[in-house]
Structures are given as structure tokens and as C-alpha cells.
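Okay, so here's the structure we're looking at.
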Amino acid sequence: MTKVGQFPAEQTHQGEFKRQPDEFRDWVRADGSTPFRPERGRYHLYVSLACPWAHRTLIVRRLKQLDEAIGVTVVDPVRDERGWAFRDGHGHTRDPLNGFAYLSEAYTATNPNFRGRWTVPVLWDRHTRRIVNNSEDDICRMFNDEFPAGGDAAPNLFPATVAEDQAALSQEIYERVNNGVYRAGFATQQRAYERAVRDLFAMLDTLESRLGTRRYLFGRDFVEADWRLFCTLVRFDAVYHGHFKCNLRRIVDYRHLQGYLQDLYQIPGVAHTVNFDHIKRHYYLTHPKINPTQIVPLGPELHLSAPHGREKL
């Protein structure tokens, strides 16, 4: 009997989850080579605090000190068949910019023929009233490369000295960790699930060894790949370990990965972007195929603000 997955259109006959491609891939360019220039106040970011992809754009926006240049609106973490909704609530609001009730309206306004899943993040152009881009990879790169940083202390998250190596590691982290937890959680056949989980933990073991000798993935300074990994690690013990059945080990069971997670969490401004209420309510309430009772667990206690000692590396 064929089992129906959480997102049937993204499920293979072998029970694997195959994520849909991002639809909108236009770029903001400082050199004027596209219609989209990096003008202060022109662009608006629609995000969910629950979503790891959207979370990364929010962190990069904060690190690059673009808070005043690029607005943001947070959607309700509880999603139904109508998609992400704009509602007033704890940590989320109605859409003050366009008055959209649902994020799907932004997709329809940009392409009336769009038939895919409405995803976050979304970078919206207030001038042309359309989505510029809905790829978190592109958005993070634009925030780093194309928008003028809000201060001299803003880090370069894509240094040329590690560009090729970072691109390769980022792709591996995406395939085996970021998307790996979803390949496990949304699998509908045992073999597909086991393959995803074994690959995930093999990569976590590799990263644990790497972080035993360096503070961040490429040494003493964090880069974008670190935040790519962080957004999955920070959700792992609270959601992926139980809800997605990625339960060979917890992150807290890894000495170096756990310290690394705490280290990144304690970077000024980052903890403010982490909302475990949104994270847990989203996953446990909006995946009825996985959690039909919709019970949200109380734990775990994570202690991410505890001393980590990684500044010695």
C-alpha cells in the first residue's frame, strides 16, 4: 500500500522526500545590472521563526546590521492547508505592508500561475510589488554582498580565502544535515528513512571531529556555513530528534557540536532570533501525518546560554 506523505507532490514512489525548487530567483545588484538596486527601505522580508531556511536570512540580516534597511514581518507558526498566515499573536503579526492575509497572496501577485508550495523566506520589493527571491541561499548572499552593511563591525560571511571550500561544505551540509532531517522526517518507507538517518549522523560525526580542533567550521571566524549548520542544530534536540525520528543521538551528546551550538547562540543578537515556542508549535501542530494528536512536548531543557569554553580554540 502506498503511504501518503506530508507533502504528496514532493514524495517519490520509493518513499523519499524531494524538495521543490525555489521559484523566484531574481537578484538585487549594487552594480545596476538588474532592475533591483539595494535601496534602503525598498525591500521587506517575510519569515517564519520556526523555519530554519527563513531563520538563516534573519540571522544574516542581524549580523550585517541591516535591521533598519530591510523590514521584516513574521508569520503565524501554525500553518494549515492555506499556507503561512499573517495573524496577530505572540511573536507574529498581521502584514502591515500589503495587508495580505496569507503568504500565498504574495506568490499570486508575482505569478498568478504558481502552483507549488508557498514557502518562506520571501524577499519582497515594495516598488514593483512582487517577490524578488524566495531562496534563502540567494537572500543571504545578497545581504552579504550587495547591500551596504549597517556598520563597520559587520562580518564578511563569504570571505574569498575560503570561497571554494565553503561552497563545497555548505552543499554537503545542506544535503546531509539541513535537508537530511527532512528526508528522514518526511520519508514514507523504512528504507528511505534509514538511509537518510544514517547519512545524517555520519555527517554529524564528521562535523564533530572537525570542530574538535577549530572554533568554527573554517577557523577562528564564523562564516555563512556556520549559520547554515546552526539553524538545524538549534532545532535538533527540540524537534528533529523526536518528531522526525532522528534519534541515534542528540546534539547534547556531542561534546564539540553542543559547545559550538552554544557558542553561536551566544553571539550578540542571535538568541533574539530563536523562538522555541514558534519552532515547537509549528512542527508538532502542522504535520498531522507525523503527529496526529498535535500534542506539543514541554521539553527539552537546552541550557544554550551556559559557558562553552570554545573561545580557547
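The values are calculated or read from the model by the stated rules, or taken from the named source; none is laboratory data. Not measured: the values here are computed from a predicted model. All Cβ positions, even for glycine, are placed from backbone atoms using ideal geometry, and neighbour counts span all protein chains on display. Accessible surface is based on the protein model in full, side chains and every heavy atom, while ligands, DNA and RNA are left aside. Shrake-Rupley method; radii C 1.70, N 1.55, O 1.52, S 1.80 Å.
Per-residue packing, averaged as other Cβ atoms within 10 Å, sorts the ranges 201-212, 63-74, 88-99 into the order 63-74, 201-212, 88-99, beginning with the highest. Rounded to the nearest Hz, the phi-derived 3J(HN,Hα) couplings of the stretch 167-175 under the Karplus curve 6.51 cos²θ - 1.76 cosθ + 1.60 (θ = phi - 60°) are 4, 5, 5, 4, 5, 5, 4, 4, 5, where x marks glycine and proline. In the chain, taking the dipole from charged Cβ atoms about the Cα centre, the farthest positive-side position among I131, A101, P288 is held by P288. Charged side chains reduced to their Cβ positions (Lys and Arg at +1, Asp and Glu at -1) give the stretch 171-271 a dipole of some 220 debye around its Cα centre.
Once you have a ≥ b ≥ c as the square roots of the Cα gyration tensor eigenvalues for the stretch 1-56, tell me rounded if a/c is under 1.5, and otherwise prolate or oblate according to whether a/b is larger than b/c. Since a/c reaches 1.5 and a/b is larger than b/c, the shape of the stretch 1-56 is classed as prolate.
Summed over the residues of the stretch 54-93 and divided among them, the accessible surface reaches 37 Å² per residue at a probe radius of 1.4 Å. Count Lys and Arg as plus one, Asp and Glu as minus one, and take only other residues whose Cβ is under 15 Å from that of T286; the net charge is then +4.
Principal axis analysis of the Cα atoms in the stretch 103-200 yields extents of 48, 42, 19 Å, listed in decreasing size.
Round to a whole number: what % of the accessible area of the chain belongs to carbon and sulfur, probe 1.4 Å? About 48 percent, which is the carbon plus sulfur part of the accessible surface. Here the chain is assigned +1 on the Cβ of each Lys and Arg and -1 on the Cβ of each Asp and Glu. Its dipole about the Cα centre then comes out at about 640 debye. Here the 3J(HN,Hα) profile of the stretch 184-195, calculated from phi with Karplus coefficients 6.51, -1.76 and 1.60 at θ = phi - 60°, is 6, x, 9, 5, 10, 9, 4, 4, 5, 5, 5, 4 Hz, Gly and Pro shown as x. The count of lysine pairs in the chain that are at least 8 places apart or cross chains, and whose C-alpha atoms lie under 24 Å apart, stands at 9.
Taking only Cα atoms and a 10 Å spring cutoff, compute GNM fluctuations for the chain and point out the largest among I131, I139, I267. Evaluated over the chain, the most mobile residue of the options is I267.
Ordering of 160-168, 49-57, 106-114 by packing is 49-57, 106-114, 160-168, highest average first (other Cβ atoms within 10 Å, averaged per residue). Residues whose amide H lies under 5 Å from that of V72, counting only those 5 or more places away or on a different chain, are L45; hydrogens are built 1.01 Å from N in the peptide plane. Taking the helices alone, the chain has a mean residue ellipticity at 222 nm of -10000 deg cm²/dmol, built from -39,500 (n - 2.57) per DSSP H run of at least 4 residues and averaged over all its residues. Over all other residues within a Cβ to Cβ distance under 14 Å of T110, the charged ones net out to 0, with Lys and Arg as +1 and Asp and Glu as -1.
Using 1/(1 + (r/R0)^6) with R0 = 35 angstrom and r between the beta carbons of K245 and S305, what's the FRET efficiency to the nearest 0.05? Working from the Cβ atoms, E equals 0.80. For the pair the stretch 136-186 / the stretch 1-54, the C-alpha centres are spaced 14 Å from each other. In a fully extended conformation the segment linking D253 and R82 would gain 57.7 nm over its present Cα-Cα distance, using 0.36 nm per residue. Around the Cα centre of the stretch 45-195, unit charges on the Cβ atoms of Lys, Arg, Asp and Glu (plus for the first two, minus for the last two) sum to a dipole of about 520 debye.
Quotient of the Cα radius of gyration of the stretch 12-105 and 2.2 N^0.38 Å, N being its number of residues: 1.26. Remark: the stretch 220-230, residue by residue, has Karplus-estimated 3J(HN,Hα) of 7, 10, 6, 10, 4, 4, 5, 6, 4, 6, 3 Hz, where x stands for each Gly or Pro and the curve is 6.51 cos²θ - 1.76 cosθ + 1.60 at θ = phi - 60°.
Distance from the alpha carbon centroid of the stretch 239-279 to that of the stretch 63-80 works out to 21 angstrom.
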